[in-house]
Amino acid sequence: MAQYRFHSRIVGFFCVFAVFVLFLPAWAAEFPQKDKTIQLMVHWSAGGSSDTGARLIASGLEKELGTSVVVVNRPGAGGQIGYTALSQAKPDGYTIGSTNFPSAISSYLDPNRKATYNRQSFELLALHVLDPGIIAVKADSPYKTLQDVIAAAKAAPKKLRVNTTGIQTDEHFATLWLEQLTGAQLARVHLKGSAPSVTAVLGGKIEVYCGNVGDPQVRGGEFRVLGIMDSERNPFLPGVKTFEEQGYKIYFGSSRGFAAPAGTPKEVVNILSKAIGNVTKTEDHKQKMLNMGLTLRYLDPAGYKKYWDEFEAKMRDLMPLIQKES
Amino acid sequence: MQRVQRAAAVCFIALSGYVCIAAIGMEYYTKLGPGPGFFPFWLGSIMGGLSIVWLIQLFRQSEKSNEGRFLPEKKGVIQIVLILAALAATAVMSVIGFQLTMFLFMVFLLRVLGRSSVWTTLSIALVCSVGVFHLFGRYLDVQLPASSLSMLAALGL
Amino acid sequence: MDAFSNLMMGFSVALLPQHLMLAFVGSLLGTLIGVLPGIGPAAGTAMLIPLTFSMGPTGAIILLTALFYGTQYGGTITSVLLNVPGEAASAITCLDGYAMAKQGRAGVALSMAAIGSFIGGTFAALCLVLAAGPLTRLALQFGPVEFFTLVLLGISLLMGLAGKSMIKALMMGVFGLLLAMIGMDPVRGLPRFTFGTMELMDGISFVPVIMGLFGVGEILLNAEKPFAQMVLAKMSTLIPNRQEMRDSLGPVVRGSLIGTLLGLVPGMTNSASSFLSYIAEKKSSNYPERFGTGMLAGVVGPETANNAHANGALIPLFTLGIPASPTVAIIMGAFMMHGLIPGPLLFKDHPGIAWGVIASFYIGNVMLVILNLPLIGIWVKLLKIPYGILSAIILSFTVLGAYSINNSVFDVLVMTLFGVIGYLLRKMDFPLAPAVLTLILGPMMESSLRTSLEMSQGSFGIFLESPVAVVFLVLTAVILIAPSFSFFRKKKQSLAAGEEDLL
């Protein structure tokens, strides 16, 4: 009797195993499996605007894909910890992550940071948000246009103060680009984030504000925005000209996209990319992004790749200037 | 007690020496003021100076102030080492998952160190591991790590 | 809009059911953490941050601040009944509190301490309401230059008030500053002392450090001996007589002022307030020799002061964005995790959150009095749970807290390491508070100095151009030079004679 029971157990085990083997190819084709969770890694702390945007996408993806999508925050080292983890994750589509500019690129362009990944380590899924850079001054400032600021900076080199929100942030690169293009020289002050920068400008400690369209304070009456570093005007700042319109071909800002580890199957990438695209097209999502002041700009993998390469090329061009500051 | 304090003073001196040497390799001063190596160098030096003063004070003190042993009884030392080992062992969390790690951790602390009864141990350990995992995951939106071994993951751990 | 209408608007936010609930939970957990020896406000607040991830920012901050000032109430219970400080700021309460308990007056000590705490806490919260407007206007004038000099002042005060063993406090202060050097430097953005790890690039995260030094270190210290059941003093009537109420009036007023004022200064901890208040009571009493034998003033004064301090320390955080103590630094971290930056812009951009949280201080303090007086029996029962079980649960929460800050096992190991360091340093009588404070102030000092010099393009003259900065610099100089004059030296000795741990 005992013998029989033992045998039946072995037979049963094999039956289960056979079923597994038989259905395995079918599973691989069917992405995503309903009972598997997709992890969306956000390389910043919970609560920030990168995190909130990603969480909106995650909840939209759940509906779109019919499987659960959880956000996992892996902050640290300006995103480098998260990018490293993403590049080393299993390329099966169940681990994807956010990719922010400029941190995703600057971290591997700077040899001091010894990053173990580069553009080729990721399979790009989609661009989600593009937050263009801006130059602004306090409302009662004598500088009325971008030309005024540049003329002042040329007249007295390294006297006119401009903030960045930290070393190697988009403001740092953008102000370098402005100097490179115009030959003006600014006194760059590296503050920690946009709130101290806004305070410093409002308090008159700094003359020129460099930030993003998404910074809520610039839309109040206390700032005069002089230009947007984008190819088109922005609905959040009606009436503000782009840099291009004013004769300066500068296109910079921070952006947020999504990527999977390199080696993720093409079909899986397409499914995820299309799903993200669908989420961004829903009215609900558009409204929420509007409320957060974020400029939605969906790009498919091919478009995102092109954008990445252009952005990286410009950063490679500017990186030596940062090194030269040292 | 005296011996341990002297050893500690020597450790602090070694630390300051290391910091100073490392700081010399960094940029000391820049066009705009102190560089990355400025503060480490001076802080290291101050630390070194203070530690030396402390060491001298320790030698000057009479042996009278040698108040007993530094380390507790042998039992106490074992207990402390075990707690620390258990804390360090929670690093396996990313491999075997939060629930199993925390369960084993709690069983170890409660049963081996706290000598609680089997039922107390099991119930507290379950609440702190499985209970906390689901509470945080479902209601508080904090994802604690699941096991990265597919065998354990399949069991929901 | 004046302060009053702002506050009313705040109440409309704070009185929402979910916020009332969170203020209650915060008060409850705060009292719990205060009651439990071996875990103080800093480690306790840090442990609970992950709990708040899913809440809105207002609720999260209400919870964490209520927890913070709640610990100051709970600590008293343990000090009075067990002669063991529930948390550091209540250490001095043991002297007269336990003596009163032995005389059968524990109930009066606790009830008067709770009422004093309530008055102290609400007084400081009132100061915050009144100061918020003027200070936030001033805050725009508060740039990196002023910030650097203020941090300098804070660090020098820390050193100046070091108390008994000057050398050890100084060593710890420098130790904290050395730890603060870890991470990307503010000048070039290059990794410094990171030993090749990415995890250290943002600097050593201070939440695991605090939990290690204070939480784990304390438990290790208790683990030296087999966990013994502690002896509780008997409770007695809670109702004070008329004489006792009259005796408490002076200590409450003085404690409120001392606590609120010291709370404003970066680098001062609650313990400093309760200690100074004790000294003040002893000095102003007609019977200084009776202190230590069960003087009510020696309980009420310090307990009022540490509560006023807890609420007062939130004034510089809310108005200027400066964390004055380790726990406040953790609360500041919580603000940032919820996408908010404390400081003048908070009142402008998120008035609902700022005033809602401030209004919740009043609600929380009322709840705490209720939790601490009629319900005191529950907390007493809690102290009867075997310490072996309590410490295991506390340890499991420190692991959970350290891990979930960054979802990183690295932080758990950092916490373990600092548990060992904290244990060893404590055994050698090193004060730990200076190390933690300079660890927090250090990066601010270095980066604000750099930013100031970037603004002036390298000229140190910028520090003399701002009147505020000059005032801070003069004060710093006075504090550093004063000890060499005999008048101050004498005063310091009397300070040191009172109790060892000022910090």
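The values are calculated or read from the model by the stated rules, or taken from the named source; none is laboratory data. Quick caveat, the model's predicted, so the values are computed rather than measured. Here Cβ is always computed from backbone atoms with ideal geometry, including for glycine, and neighbour counts include all displayed protein chains.
If you check C:Ile358, C:Ile370, which single one turns out to be surrounded by 23 or more Cβ atoms within 10 Å (Cβ to Cβ) and not in a loop (DSSP other than H, G, I, E, B)? Reasoning before the result, please.
Working: C:Ile370 fails: surrounded by 23 or more Cβ atoms within 10 Å (Cβ to Cβ).
Sole residue among the options that is surrounded by 23 or more Cβ atoms within 10 Å (Cβ to Cβ) and not in a loop (DSSP other than H, G, I, E, B): C:Ile358.
What is the residue count in segment C:62-97 for residues that are in a helix (DSSP H, G or I), of a type in the set (S, T, N, Q) and over 12 Å from the mean Cα position of the chain (by Cα)?
Just the residues of segment C:62-97 that are in a helix (DSSP H, G or I), to begin with: C:62-82, C:88-90, C:93-97.
Imposing the further condition that a residue be of a type in the set (S, T, N, Q) reduces the set to C:65, C:71-72, C:76, C:78-79, C:90, C:93.
Next, from what is left, pick out any that are over 12 Å from the mean Cα position of the chain (by Cα): C:76, C:78-79, C:93.
Total satisfying the criteria: 4.
Please enumerate the residues belonging to segment C:130-148 that are buried (at least 21 other Cβ atoms within 10 Å of the Cβ) and under 22 Å from the mean Cα position of the chain (by Cα).
Result: C:Ala132, C:Phe147, C:Phe148.
Could you figure out which of (1) crowded, with 21+ Cβ neighbours inside 10 Å; (2) part of a helix (DSSP H, G or I); (3) touching a Pro at 6+ places or on another chain (Cβ under 9 Å) isn't true of C:Thr31?
(3)
Which numbered condition trips up C:Ile394, out of (1) within 11 Å of chain B (Cβ to nearest Cβ); (2) surrounded by fewer than 21 Cβ atoms within 10 Å (Cβ to Cβ)?
(2)
Would you mind stating whether C:Val399 is without any contact (Cβ under 8 Å) to a residue 60 or more places away in the chain, within 14 Å of chain B (Cβ to nearest Cβ) and not hydroxyl-bearing (Ser, Thr, Tyr)?
On the way: without any contact (Cβ under 8 Å) to a residue 60 or more places away in the chain: yes; within 14 Å of chain B (Cβ to nearest Cβ): yes; not hydroxyl-bearing (Ser, Thr, Tyr): yes.
In short, yes.
Being aromatic (Phe, Trp, Tyr), more than 17 Å from C:Val174 (Cβ to Cβ), facing another protein chain (nearest Cβ under 9 Å) and crowded, with 16+ Cβ neighbours inside 10 Å narrows it down to one residue among B:Phe39, B:Phe12, B:Phe98, B:Phe70; which is it?
Working: B:Phe39 fails: more than 17 Å from C:Val174 (Cβ to Cβ); B:Phe12 fails: more than 17 Å from C:Val174 (Cβ to Cβ); B:Phe70 fails: crowded, with 16+ Cβ neighbours inside 10 Å.
Of B:Phe39, B:Phe12, B:Phe98, B:Phe70, the one residue that is aromatic (Phe, Trp, Tyr), more than 17 Å from C:Val174 (Cβ to Cβ), facing another protein chain (nearest Cβ under 9 Å) and crowded, with 16+ Cβ neighbours inside 10 Å is B:Phe98.
Of the residues A:Gly78, A:Gly166, which is small (Gly, Ala, Ser), under 30 Å from C:Gly183 (Cβ atoms) and assigned by TED's automatic domain parsing to the domain that holds A:Gly203?
Details: A:Gly78 fails: assigned by TED's automatic domain parsing to the domain that holds A:Gly203.
So the residue among A:Gly78, A:Gly166 that is small (Gly, Ala, Ser), under 30 Å from C:Gly183 (Cβ atoms) and assigned by TED's automatic domain parsing to the domain that holds A:Gly203 is A:Gly166.
Testing A:Lys286 on (1) of a type outside the set (A, V, I, L, M); (2) surrounded by 14 or more Cβ atoms within 10 Å (Cβ to Cβ); (3) under 25 Å from A:Gly60 (Cβ atoms); (4) within 18 Å of the chain's Cα centre (by Cα), one condition comes back false. Which one is that?
The single condition A:Lys286 does not satisfy is (2).
Would you check if C:Leu320 is over 20 Å from the mean Cα position of the chain (by Cα), within 27 Å of C:Leu51 (Cα to Cα) and surrounded by 19 or more Cβ atoms within 10 Å (Cβ to Cβ)? Quick ask: steps written out before the conclusion?
Working: over 20 Å from the mean Cα position of the chain (by Cα): no; within 27 Å of C:Leu51 (Cα to Cα): yes; surrounded by 19 or more Cβ atoms within 10 Å (Cβ to Cβ): yes.
No, not satisfied.
Would you please name the residue that is farthest from C:Pro50 (Cα to Cα), looking only at residues in segment A:36-63 that are among the polar types (S, T, N, Q) and touching a residue at least 40 places away in the same chain (Cβ under 8 Å)?
First, the residues of segment A:36-63 that are among the polar types (S, T, N, Q): A:37, A:39, A:45, A:49-50, A:52, A:59.
Narrowing the set further to residues that are touching a residue at least 40 places away in the same chain (Cβ under 8 Å) leaves A:37, A:39, A:49-50, A:52.
Numbers: A:Thr37: 22, A:Gln39: 19, A:Ser49: 18, A:Ser50: 18, A:Thr52: 16 Å.
That would be A:Thr37.
Taking segment A:173-186, which residues are surrounded by fewer than 21 Cβ atoms within 10 Å (Cβ to Cβ) and either within 13 Å of chain C (Cβ to nearest Cβ) or touching a helix residue (DSSP H, G or I) at 6+ places or on another chain (Cβ under 9 Å) (or both)? Walk me through it before giving the result.
The initial filter retains those residues of segment A:173-186 that are surrounded by fewer than 21 Cβ atoms within 10 Å (Cβ to Cβ), namely A:179-185.
A:Glu179, A:Gln180, A:Thr182, A:Gly183, A:Ala184, A:Gln185 - these are the residues of segment A:173-186 that are surrounded by fewer than 21 Cβ atoms within 10 Å (Cβ to Cβ) and either within 13 Å of chain C (Cβ to nearest Cβ) or touching a helix residue (DSSP H, G or I) at 6+ places or on another chain (Cβ under 9 Å) (or both).
This table checks each residue for (1) touching a Phe, Trp or Tyr at 6+ places or on another chain (Cβ under 9 Å); (2) more than 28 Å from C:Leu7 (Cβ to Cβ).
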site: C:Cys94; (1), (2): no, yes
site: C:Ala106; (1), (2): yes, yes
site: C:Ser111; (1), (2): no, yes
site: C:Gly116; (1), (2): no, no
site: C:Gly121; (1), (2): yes, no
site: C:Leu128; (1), (2): yes, no
site: C:Arg137; (1), (2): no, no
site: C:Gln141; (1), (2): no, no
site: C:Pro144; (1), (2): no, yes
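Looking at segment B:125-142 only, could you name the residues that are closer than 21 Å to B:Ala88 by Cα and more than 7 Å from every other protein chain (Cβ to nearest Cβ)?
Pass one, segment B:125-142, residues closer than 21 Å to B:Ala88 by Cα: B:125-126, B:128-130, B:132-133.
B:Ala125, B:Leu126, B:Ser129, B:Val130, B:Phe133 - these are the residues of segment B:125-142 that are closer than 21 Å to B:Ala88 by Cα and more than 7 Å from every other protein chain (Cβ to nearest Cβ).
Could you please find all residues in segment B:101-118 being more than 9 Å from chain C (Cβ to nearest Cβ), of a type outside the set (A, V, I, L, M, F, W, C) and in a helix (DSSP H, G or I)?
Once the filter is applied, which keeps residues that are more than 9 Å from chain C (Cβ to nearest Cβ), of a type outside the set (A, V, I, L, M, F, W, C) and in a helix (DSSP H, G or I), segment B:101-118 yields only B:Arg111.
Which of the strands (runs of 3 or more DSSP E) contained wholly in segment A:93-178 include at least 2 residues that are of a type in the set (S, T, N, Q)?
Numbers: elements: A:95-101, A:122-138, A:161-164.
Output list reads A:95-101, A:161-164.
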